[in-house]
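Right, one structure below, let's go through it.
The values are calculated or read from the model by the stated rules, or taken from the named source; none is laboratory data. These numbers were taken from a predicted model, which means no experiment stands behind them. Areas reflect the complete protein model, heavy atoms only, side chains present, ligands, DNA and RNA absent. Shrake-Rupley method; radii C 1.70, N 1.55, O 1.52, S 1.80 Å.
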Amino acid sequence: MELWPCLAAALLLLLLLVQLSRAAEFYAKVALYCALCFTVSAVASLVCLLRHGGRTVENMSIISWFVRSFKYFYGLRFEVRDPRRLQEARPCVIVSNHQSILDMMGLMEVLPERCVQIAKRELLFLGPVGLIMYLGGVFFINRQRSSTAMTVMADLGERMVRENVPIVPVVYSSFSSFYNTKKKFFTSGTVTVQVLEAIPTSGLTVADVPALVDTCHRAMRTTFLHISKTPQENGATAGSGVQPAQ
């Protein structure tokens with residue numbers, strides 16, 4: 001049997017399953033998202049190498065452009081509120097809430113120029129995805145080696161306090177009205193991205209960090225519940241979706 005008829009039959013069967021099963025449609029869209037990540041990463045890596053020749057944070061603007069195009073494949077819309085709070089010419093620490101694999105798209109909607117990101121070291125070995133993150137200047141930490149991770153975070157914390165760098169929380173509204181891994185549905189929808197006012201760190205010491213984290217979390221949780229739909233509409237519960245970004 002020839003290859004093309006087999007592929008055509010397999011594709012038709014897949015399309016039929018997608019039409020008949022919500023779970024099949026969900027997994028198909030997630031698979032497409034993963035395929036987009038790998039394919040776009042490979043293409044973007046080539047563009048970054050041709051444009052800048054290697055690893056530099058300047059590549060992040062190229063990466064951001066590619067990732068922002070993902071939303072058109074899924075009919076997603078991002079409504080960014082108060083983006084000027086991230087456009088001021090000053091160093092800051094951006095903290096965002098974590099919900100799902102779609103977080104990356106929301107972050108790229110507001111990511112400032114020359115923004116250095118931190119990610120777990122395991123992502124470095126994901127083929128073209130790891131390569132494009134490396135070329136974008138992402139700083140990798142080994143979470144399994146707590147001494148290394150703690151050293152990195154301690155250095156960042158000390159620098160934040162020493163230089164009085166403010167924290168700018170960014171909150172994405174709940175995805176659960178259009179993306180739900182338990183109920184297996186993935187449809188089009190709108191995500192509100194709220195940039196909060198900067199939380200100053202001037203005059204603080206390392207001893208003030210726990211209180212600072214609590215203040216940040218409370219502000220993000222309140223905002224998350226405010227900009228998301230009601231629990232009856234999208235299944236969001238108090239505190240859901242407000243976890244530190246990985």
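Points worth noting:
- Probe 1.4 Å - accessible area at CYS37, Å² to nearest ten: 20 Å²
- Rounded, prolate or oblate (a/c below 1.5 giving rounded, otherwise prolate when a/b exceeds b/c) for the stretch 36-104 by Cα gyration tensor: oblate
- Within the assembled protein chains, the solvent-accessible surface assigned to HIS226 is about 150 Å², based on a 1.4 Å probe.
- Ranked from largest to smallest solvent-accessible area, with a 1.4 Å probe on the protein heavy atoms, SER188, SER69, SER45 come out as SER188, SER69, SER45.
- Whether the stretch 22-228 is rounded, prolate or oblate, judged on the alpha carbon gyration tensor where a/c under 1.5 counts as rounded: oblate
- Taking all protein chains together and rolling a 1.4 Å probe, VAL170 ends up with roughly 0 Å² accessible.
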